[in-house]
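The values are calculated or read from the model by the stated rules, or taken from the named source; none is laboratory data. Bear in mind the structure is a predicted one, so any value in this text is a computation, not a measurement. Neighbour counts run over all protein chains shown; Cβ positions are idealised from the backbone, glycine included.
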Amino acid sequence: MRKLRSSEKTAYGLILPYVLFFLAFAAYPLVFSLVLMFHRWNIVTPMEWIGLKNFSRLAGDPLFFKSLGNTLVFLGFHIPLQVTVALAFALLLNSRIRGRGFFRAVYFFPVVVSGVAVTILWQQLYAFDNGVLNSILTSFGMPRVPWLVDSSVAMASIALMATWKNVGIYIVLFLAGLQNISRELYEAAELDGASPWQVFFSITLPMLNPTIIVIVVLSTIGGFSLFIEPYVLTGGGPMQSTLSGMLYIYNQAFYFNHMGYAATLGFVYAMIILAVVLLQRKLIESEPVQ
Amino acid sequence: MLRKGCLLAGAFFVLGCGGKSGPAGGDDSGVVLTYWPAPNAQEVQLADSLVRVWNRLHPGIQVRMQPIPVSQSTEEVLLAAIAGKTTPDVCSNIWPGSLHDFTQAGGLIALDRFPDFDSVAAGRTPSPLLETFRSADGHFYQIPWKTNPVMMFYNVELLESAGVREVPRTYGEFLAAGAKVSRDTSGDGQTDIWMGERDIRPIWWQRWFDFYSFYIAASGGRTLFDKGEVAFDTPAGVQVMGFFQECYRRGYFPRTFYQGGDPFLLGKKATHFAGPWQIAAMQKFAPTMRFGVAPLPVPDGYEGPVYTYGDYKNIAVFSTTRHPAEAWAFVRFLVTAQHDLLLLELCNQMPVRGDLLSNPLFGEYFQRNPKMAQFARQVPTTRGMDVVPDLKEIFDGIAQAYERSAVYGAIPPEQAVADAARRARAIIEWNK
Amino acid sequence: MKNLWKYAGLLLGAVVFGYPFLWMIAGSFKPEMEIARLGLWSDHFTAQGYTLVISKIPIARAFVNSILVSLCVTGSVVLFGSMVGYALARLRFGGRRVLYLVILFTMMIPFQIVLIPQYILMVKLGWTDTYLALVAPTMMSAFSIVLFRQFFMAIPQALIDAARIDGCSELRILFTVVWPLSRPVIVTVAVLTFMTSWNEVLWPLMVVRERSLMTMPQIVTLFTIGGEAESQLGALLAAATLLSLPVIIAYAFFQRYFIESMASSGLKG
């Protein structure tokens, strides 16, 4: 091996801590997870090799598929809502108005607050008997909505809450994206006599494509990582309609002590996330940008 | 001066020789056993008294009691202790449902290796019940100690005022009573007196007090499994699920999580399924309520004695013990009739004895506590948990099926039982 | 006229996103009966919610724990992130490309796959119920390395050459030349890291069972689902308010940094 230059030595010195960190907290867990998937283990007693049993169990596990379905429901509400609301407010903020900084700051605030605090807050909004939202509805003579107690509504309610919490980031992102669209494009369109709708659909939207991809991908990853909201609000119910993938992994690992099965679930969810994200990028990117 | 010094030295010498053998200080060749009782106040008190008596009677075999930390479940603590080989010699807080995990980890010794096990165990617990505690390999790794049979408490006032003259014994009678009892007494259009109430959340151990107890009753004393195979997808299982579905469908049970205290203590519901601990709660929080205790309702047309779930706690000796014979002697000591009486008096818990109502020793206690006598009558027809892996998750499956079918009526009872059985089979299969 | 609609929409947004927090704070001071009301005012403001929270959970201790953990993590991420970012951006060494690809790769791994093994690692090392378990797994961040590298690549080579000629070691160059020029990226990384670390709750729930070591979001979570609030809505809102208080204060002063950090990092993502 050739002698290292002194600059190389310094470089290795600089990266050494990270390499150690990577080995301990990325490489080892990855490798161990691949091992753990083929075992049954409750931490206390020795690991037991069971071959592919975790996978065959997963393939027939109604709760696993339920959690996937729930995540789809969540994303189905969350992503469209997120994109439209964020875009709407970004367009408003992008126009000639005063107090842009103030509004931006208010819209962004829910993002930085702890998810736990937001969940507790919405727990009070969504309470069936005397929650704020239902109190408003009944004061107008309207029936109460079973936000978190009806299995067909609960996940959508959580999606609404998640949108409220995170849309601030995407407003800011869209704003930045909008401000990057060169004025010339708009001026050219105006000269051509294009209507505002035409301008929007043929210039604005395509130019925002990269931002939209980011939003969709980040929201998807967030949707698959949903944990504290169902954990605090519903415990996964009613009738497992808010059981998220992460909550199921947590229950399998810490409630039933099935470390091997939990690791298997984690691996499969991770593969699904990667596949979905790749697919999304392909689908959205395939739209041609003028 | 010298004499004083000699006395002092002598005292130090004697105390010093006490060393590890405990407070009563035996000689160095004495045996010391560690004993873990349940962490609640009454049982610790009972254990303390028993240990003191034992230590006086057996200077050569000292027992040291150590309470289990309250913050964790006993099962977790014991499992971790088995793995770390820090188990005690004897523990009297063994939940039979965890026996599978304990024996698989090799943590317990077989008690029937002791020649007098049969006479001690069979002399105390009637045979069909005792058999349910035998493990699959034919050995006994536990000896039944105490049980909390689940029975039906009923509010006499609420039933009488609704015109229900006899305590319901069958599902039909119960539902008929429910029609009369569940009503709106405040005129706000919402029911405020209920026939019964159960926690609607799918919590696994809550099902012991509805589906599981009722299943044992409806099936005439069968548990969920038969020789390690799932065996509850039977007509009895469907009847139980259907019964609860009717209770909710007809509005006799509230479909909400009841907040604001225990509705039975508050006189808001007419029936309550619980064990003998409820009696103490009644005396403390609702001393003026007239209540009774009856066996659980059974399906119409059922004949024979009424069985139920008995929430047992048993005694076991761990394999780390260095003095198995002495440990067994202490276990024998714990289950004598006198000490079973102490269990009744100090803790109001039911020993797993067949002679509770025939043995004159207990006569006076049951005269003073007639409601406890009801439970004593129920003891021989209690059943416990099967020794299978992952009971928690199996009950979680039952709880989820119960939530779907009984509470929300989203699926018919046949499907619910089939779903729960399918999930239980998958879990058993996964554990093989 | 069109402007009126715009402002109406913006104001509606401000109400939707901002009013719930005002309601939460007000609600924490209201008596139980009045909490469901939409208005902020009450004739009987009370602190009983707060007294219940403080008496039931060690919230001050949890606050200290959160500060400690978040500061350690932030400091560590900035330090090591800048070190590796600098090495990747300005130094030549064998395996530089590979390392960068590995770092990008780790950013792609969904955490679901490493969560359980990381927990088991903590158990095996005996680090459960220690501050180590809360800090170590997040003390370096691939994302921060990418941000630092990107920024450092734009630093004029002349400055670095000058320092090298002066005989500075690379480490000194990093801290005395590069860092002062890197305020934007350091602030971005610090703000993002602190915020993420502060709000983290799943990991503490897994590795810490000892109440005196719990972080603030963790202890408030357990307070909420554990029934210690005794169904007192005021107490729940008080706990949520206390949890949000540090962020509200930080946001009031540094709001610009929060927003800009997110924006600049998001575009790169």
Exercise for review: Kindly indicate the residue of the stretch A:86-95 that is in a helix (DSSP H, G or I) and at the interface with chain C (Cβ under 9 Å from one of its Cβ atoms) and also nearest to C:MET24 (Cα to Cα) among those meeting that condition.
Suggested key: A:PHE89
Review point. Could you list, in sequence order, the residues of the stretch B:332-349 that are in contact (Cβ under 8 Å) with a residue 12 or more places away in the chain, out of contact with any Pro (no Cβ under 6 Å at 6 or more places or on another chain) and under 22 Å from B:SER119 (Cβ atoms)?
Key: B:ARG332, B:PHE333, B:LEU334, B:VAL335, B:ALA337, B:GLN338, B:HIS339, B:LEU341, B:LEU342
Check your understanding: Quick check: is even one residue across the stretch B:409-426 assigned to a helix (DSSP H, G or I), of a type in the set (D, E, K, R) and touching a strand residue (DSSP E or B) at 6+ places or on another chain (Cβ under 8 Å)?
Key -> yes
Check your understanding: Is there any pair linking a residue in the stretch C:20-33 that is free of Cβ contacts under 8 Å to residues at least 12 places away in the same chain to one that is in a helix (DSSP H, G or I), with Cβ under 6 Å and at least six apart or on different chains, and which?
Key -> C:PRO20/A:LEU121
**Study point:** Residues (modelled with pLDDT under 90 and not in a loop (DSSP other than H, G, I, E, B)) located in the stretch B:102-122
**Key:** B:GLN104
Exercise for review: Would you check if B:ALA236 is farther than 23 Å from B:SER135 by Cα and either in a helix (DSSP H, G or I) or in the same structural domain as B:ALA416 (by TED's automatic domain parsing) (or both)?
Suggested key: yes
Point to revise | Hits in the stretch A:250-275 - residues which are surrounded by fewer than 24 Cβ atoms within 10 Å (Cβ to Cβ), closer than 30 Å to C:ALA239 by Cα and either facing chain C (nearest Cβ under 8 Å) or touching a Gly at 6+ places or on another chain (Cβ under 6 Å) (or both) | key: A:TYR250, A:PHE254
Point to revise | Counted residues, the stretch B:33-86 - those being among the small types (Gly, Ala, Ser), under 17 Å from B:LEU344 (Cα atoms) and out of contact with any Leu (no Cβ under 8 Å at 6 or more places or on another chain) | key: 3
Exercise for review: Would you check if B:THR87 is more than 14 Å from every other protein chain (Cβ to nearest Cβ), hydroxyl-bearing (Ser, Thr, Tyr) and buried (at least 22 other Cβ atoms within 10 Å of the Cβ)?
Suggested key: no
Exercise for review: Report the residue count in the stretch C:59-86 for those that are within 11 Å of another protein chain (Cβ to nearest Cβ) and either in contact (Cβ under 8 Å) with a residue 12 or more places away in the chain or at positive phi (or both).
Suggested key: 10
Point to revise | C:ILE120 more than 8 Å from chain A (Cβ to nearest Cβ) and either within 29 Å of A:GLY223 (Cβ to Cβ) or outside any helix (DSSP H, G or I) (or both) | key: no
Exercise for review: Only residues that are assigned to a loop (DSSP other than H, G, I, E, B) and modelled with pLDDT of 90 or more: list them for the stretch A:96-126, please.
Suggested key: A:VAL113, A:SER114
Revision key, fill the gap. Those residues of the stretch C:80-95 which are surrounded by fewer than 16 Cβ atoms within 10 Å (Cβ to Cβ) and either assigned to a helix (DSSP H, G or I) or among the acidic types (Asp, Glu) (or both) amount to none
Study note, to complete from the structure: Of the conditions (1) buried (at least 20 other Cβ atoms within 10 Å of the Cβ); (2) over 27 Å from B:VAL51 (Cα atoms), the single one that B:GLN142 does not satisfy is (2)
**Study point:** the stretch A:172-231, residues that are crowded, with 16+ Cβ neighbours inside 10 Å and acidic (Asp, Glu)
**Key:** A:GLU229
Exercise for review: Would you be able to say whether some residue in the stretch C:168-181 is at pLDDT 90 or above and under 25 Å from the mean Cα position of the chain (by Cα)?
Suggested key: no
Review point. Are there any helices (runs of 4 or more DSSP H) wholly within the stretch A:195-290 with 3 or more residues that are over 19 Å from C:ILE113 (Cα atoms), and if so which?
Key: A:196-199, A:209-224, A:228-233, A:259-285
Revision key, fill the gap. Of the residues in the stretch C:168-222, those that are basic (Lys, Arg) and either closer than 30 Å to C:THR241 by Cβ or facing chain A (nearest Cβ under 10 Å) (or both) come to C:ARG209, C:ARG211
Practice item. Need at least 1 residues that are surrounded by 14 or more Cβ atoms within 10 Å (Cβ to Cβ) and at the interface with chain C (Cβ under 9 Å from one of its Cβ atoms) per element, so show me which helices (runs of 4 or more DSSP H) inside the stretch A:1-74 make the cut, counting only ones lying wholly within it. Key: A:6-22, A:28-36
Exercise for review: Would you check which residues across the stretch C:7-33 are more than 25 Å from the chain's Cα centre (by Cα), more than 8 Å from chain A (Cβ to nearest Cβ) and buried (at least 17 other Cβ atoms within 10 Å of the Cβ) and list them?
Suggested key: C:ALA26, C:PHE29, C:LYS30
**Study point:** In the stretch A:103-132, residue farthest from C:GLU32 (Cα to Cα) [restricted to those that are of a type in the set (Ser, Thr, Tyr) and within 7 Å of chain C (Cβ to nearest Cβ)]
**Key:** A:TYR107
